[in-house]
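A.B. asks: Quick one: the structure is below, questions incoming.
The values are calculated or read from the model by the stated rules, or taken from the named source; none is laboratory data. Just so it is clear, the model here is predicted, and its values are computed rather than measured. When we count neighbours, we look across all protein chains shown, and the Cβ atoms used for this are built from the backbone with ideal geometry, even at glycine. For the accessible areas, the whole protein counts, side chains as well, though only heavy atoms, and no ligand, DNA or RNA atoms are used. Shrake-Rupley method; radii C 1.70, N 1.55, O 1.52, S 1.80 Å.
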Amino acid sequence: MPRLEGKVALVTGAAGGIGRAAAELFAEEGARVYAADVAEGAPFESAGITAVRLDVTDEADWRETVDRIVAAEGRIDVLFNNAGLVGSYEPVDTIPLADWHRVIDVNLNGVFYGARTVVPVMKAAGRGSIINTSSIWGIAGAAGVAAYTASKGAVRLLTKNLALSYVGDGIRANSLHPGIIDTPLIAAQDAGVTAGVVAQTPMGRLGTAREIAYGALFLASDESSYMTGGELVIDGGYTTP
Ligand SMILES: NC(=O)c1ccc[n+]([C@@H]2O[C@H](COP(=O)([O-])OP(=O)(O)OC[C@H]3O[C@@H](n4cnc5c(N)ncnc54)[C@H](O)[C@@H]3O)[C@@H](O)[C@H]2O)c1
């Protein structure tokens with residue numbers, strides 16, 4: 001049986017690398033997927049994917065999107081809060097304030113708005129799985145990237161808060177921690193930064209978006225039914241030493 005047979009999933013950042021791979025994989029595994037992004041991406045290959053425009057920093061956008069899905073499907077079983085950006089590589093004394101606020105708004109507030117809007121729908125159904133994309137830099141420190149590491153660390157703990165707050169409602173929440181993954185986000189960054197992280201990765205290579213999507217698939221499916229508040233680290237060994 002397909003691993004997400006009959007489930008309804010909302011994936012954010014789905015025009016990009018990891019979100020796109022997850023949307024395709026979820027659909028291959030039987031889910032009806034709403035692939036949300038602020039940007040327009042290439043058409044999806046799998047049947048069962050509906051592209052929707054959603055700015056995760058806009059609560060009104062969230063309400064409209066969630067209302068639309070609930071009207072069509074009656075529920076949302078899986079929320080993959082994955083949209084994110086690095087935004088700035090600066091430490092606290094040099095990061096422009098606008099960059100700080102933008103990164104926190106997308107990476108942290110976006111996850112907050114997503115959970116805030118979808119939790120009532122999951123509560124009503126008595127079940128649901130929330131997956132929040134953090135990072136290796138939500139576990140280990142890194143120089144520079146002040147706003148990114150702050151946002152991803154906060155996502156890790158907000159996920160544990162969701163897990164504990166809604167365990168009685170049948171809602172599970174787990175964070176996903178990718179290492180350095182070959183996506184448009186990484187393709188756009190300074191090659192020296194990427195080479196430096198790969199050099200610190202015991203497997204010595206970039207991961208693929210599909211390798212992260214398989215982790216999200218596990219958390220989305222009932223195979224992870226005893227997992228909440230957990231951290232799924234898929235990083236080629238980066239955080240191991
Ligand atoms: N690629 C990596 O090495 C890596 C490592 C750790 C964590 N992550 C995290 O994984 C997630 C996905 O990253 P990716 O590498 O696939 O990046 P990506 O840039 O390929 O995709 C991110 C997507 O998010 C979308 N997005 C940005 N702001 C948005 C907004 N306000 N509303 C809706 N969508 C928005 C973008 O349009 C883009 O399509 C991010 O949260 C990122 O921080 C990535």
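A.B. asks: Rank by packing, highest mean first: peptides 85-92, 176-183, 68-75, 209-216, with packing defined as the count of other Cβ atoms within 10 Å averaged across residues. Numbers along the way, then the final one.
C.D. replies: Details: 85-92: 16.8, 176-183: 23.4, 68-75: 14.2, 209-216: 21.2.
Highest to lowest by the protection proxy: 176-183, 209-216, 85-92, 68-75.
A.B. asks: Name the long-range amide H neighbours of I234: under 5 Å, sequence gap of 5 or more, or other chain; modelled H, no Pro or chain starts.
C.D. replies: Residues meeting the amide H criterion: H177, G179.
A.B. asks: How do 10-19, 47-56 rank on mean C-beta neighbours within 10 Å, highest first?
C.D. replies: 10-19, 47-56
A.B. asks: Here's a follow-up. Return, for the Cα atoms of region 27-116, the radius of gyration and Dmax in Å, separated by a comma.
C.D. replies: Over region 27-116's Cα set, Rg and Dmax evaluate to 15.3, 48 Å.
A.B. asks: Okay, next question. Subtracting the Cα-Cα distance from 0.36 nm times the residue separation, let me have the gained length for D67 to A47 in nm, one decimal. Can you show the working numbers first?
C.D. replies: Details: separation 20, 0.36 × 20 = 7.20 nm, distance 2.22 nm.
Here the segment from D67 to A47 would lengthen by 5.0 nm.
A.B. asks: Here is a further query. I need the semi-axes of the equivalent ellipsoid of region 95-188: take the C-alpha gyration tensor, multiply each eigenvalue by 5, square-root it, list largest first in whole angstrom.
C.D. replies: Working: eigenvalues 142, 39, 28 Å².
Over the Cα atoms of region 95-188, the semi-axes work out to 27, 14, 12 Å.
A.B. asks: Please list K123, K152, K7, K160 in order of solvent-accessible area, largest first, computed with a 1.4 Å probe with all protein chains present. Each step should come with its number before you reach the end.
C.D. replies: Details: K123 95, K152 5, K7 30, K160 50 Å².
Final ranking, largest accessible area leading: K123, K160, K7, K152.
A.B. asks: Suppose only helical runs count, i.e. DSSP H with n ≥ 4. What mean residue ellipticity at 222 nm does that imply for the chain under -39500 (n - 2.57) per run, divided by all residues and rounded to the nearest 500 deg cm²/dmol? List each step's numbers first, then the result.
C.D. replies: Numbers: 8 runs with 96 residues, N = 241.
One gets -12500 deg cm²/dmol as the mean residue ellipticity at 222 nm.
A.B. asks: Quick one: which of 167-175, 104-112 comes out on top by average Cβ neighbours within 10 Å, and what's the full order, highest first?
C.D. replies: Numbers: 167-175: 20.1, 104-112: 22.4.
Descending packing order for the listed peptides: 104-112, 167-175.
A.B. asks: Can you list, bin by bin at 10 Å, the percent of alpha carbon pairs in the chain, starting at 0?
C.D. replies: All Cα pairs, binned at 10 Å, distribute as 8, 34, 39, 16, 3, 0 percent.
A.B. asks: Whose amide H sits under 5 Å from the amide H of R172, counting only residues 5 or more places off or on another chain, with H placed in the peptide plane?
C.D. replies: G128, S129, I130
A.B. asks: How high is the relative contact order of the chain? Use alpha-carbon pairs under 8 Å, at least six apart in sequence, and give a whole percent.
C.D. replies: Details: 507 pairs, mean separation 47.9, N = 241.
With pairs under 8 Å counted, the relative contact order is 20 percent.
A.B. asks: Sticking with this one: If you count only protein heavy atoms with a 1.4 Å probe, what accessible area per residue comes out for the chain, rounded to a whole Å²?
C.D. replies: Numbers: 10470 Å² over 241 residues.
Heavy-atom accessible area per residue stands at 43 Å².
A.B. asks: Sorted by accessible area (1.4 Å probe), largest first, how do S46, S165, S151 line up? Spell out each step's value before the answer.
C.D. replies: Working: S46 25, S165 65, S151 0 Å².
I get S165, S46, S151, largest accessible area first.
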